[in-house]
1. Filter the range 7-22 down to residues that are under 24 Å from residue 72 (Cα atoms) and open to solvent by less than 40 Å² (accessible area, probe 1.4 Å) and give me whichever is farthest from the chain's Cα centre (by Cα).
2. For residues that are open to solvent by 90 Å² or more (accessible area, probe 1.4 Å), of a type in the set (A, V, I, L, M) and at pLDDT 90 or above, scanning just the range 23-78, find the one that is farthest from residue 6 (Cα to Cα).
3. Mind checking which residues of the range 48-70 are outside any loop (DSSP other than H, G, I, E, B) and under 16 Å from residue 25 (Cβ atoms)?
4. For the range 31-53, give me the residue count where each residue is within 13 Å of residue 20 (Cβ to Cβ) and touching an Asp or Glu at 6+ places or on another chain (Cβ under 8 Å).
5. Take residue 2 and tell me if it is open to solvent by 50 Å² or more (accessible area, probe 1.4 Å), out of contact with any strand residue (DSSP E or B) (no Cβ under 8 Å at 6 or more places or on another chain), modelled with pLDDT under 95 and polar (S, T, N, Q).
6. Name every residue in the range 1-47 that is closer than 20 Å to residue 67 by Cβ and in a loop (DSSP other than H, G, I, E, B), in order of residue number.
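The values are calculated or read from the model by the stated rules, or taken from the named source; none is laboratory data. Worth saying up front: this structure is predicted, and the values here are computed from it rather than measured. Neighbour counts run over all protein chains shown; Cβ positions are idealised from the backbone, glycine included. Keep in mind that these areas ignore ligands, DNA and RNA; they rest on the heavy atoms of the full protein, side chains included. Shrake-Rupley method; radii C 1.70, N 1.55, O 1.52, S 1.80 Å.
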Amino acid sequence: MNEDTLYELLDGLEWKDLELKASRIKVPDSAYETVSAFLNTEGGPIVLGVDDDRNIVGLLDADKILSDFIGELHNPMRFG
């Protein structure tokens, strides 16, 4: 997601299928709960580094956090 798309998303109306996660250093466990819930619905974006008030708090190491997130999504123990 590029910066313009993020700002458009954050400026939009409240979405039932949008999840914001403020954690700056790791993927919070609640993000995996959201993935599970989204699998049973139409899904939607999970935006890391943004708090519930739609303030961008950023990520300290975005590449590592993304790698960890994808790795856990492939972990059969996480969703099995």
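1. Once the filter is applied, the top-ranked residue is 18.
2. Among residues in the range 23-78 that are open to solvent by 90 Å² or more (accessible area, probe 1.4 Å), of a type in the set (A, V, I, L, M) and at pLDDT 90 or above, the one farthest from residue 6 (Cα to Cα) is 25.
3. The first filter runs over the range 48-70 and keeps only residues outside any loop (DSSP other than H, G, I, E, B), leaving 48, 50, 56, 62-70.
If the condition is that a residue be outside any loop (DSSP other than H, G, I, E, B) and under 16 Å from residue 25 (Cβ atoms), then 48, 50, 56, 62, 63, 64, 65, 66, 67, 68, 69 are the ones that fit.
4. Going through the range 31-53, the residues within 13 Å of residue 20 (Cβ to Cβ) turn out to be 31, 34, 44-53.
Remaining after also requiring touching an Asp or Glu at 6+ places or on another chain (Cβ under 8 Å): 31, 34, 44-47.
So the count comes out to 6.
5. When the stated conditions are applied, residue 2 passes them.
6. 1, 2, 22, 23, 24, 25, 26, 27, 28, 45
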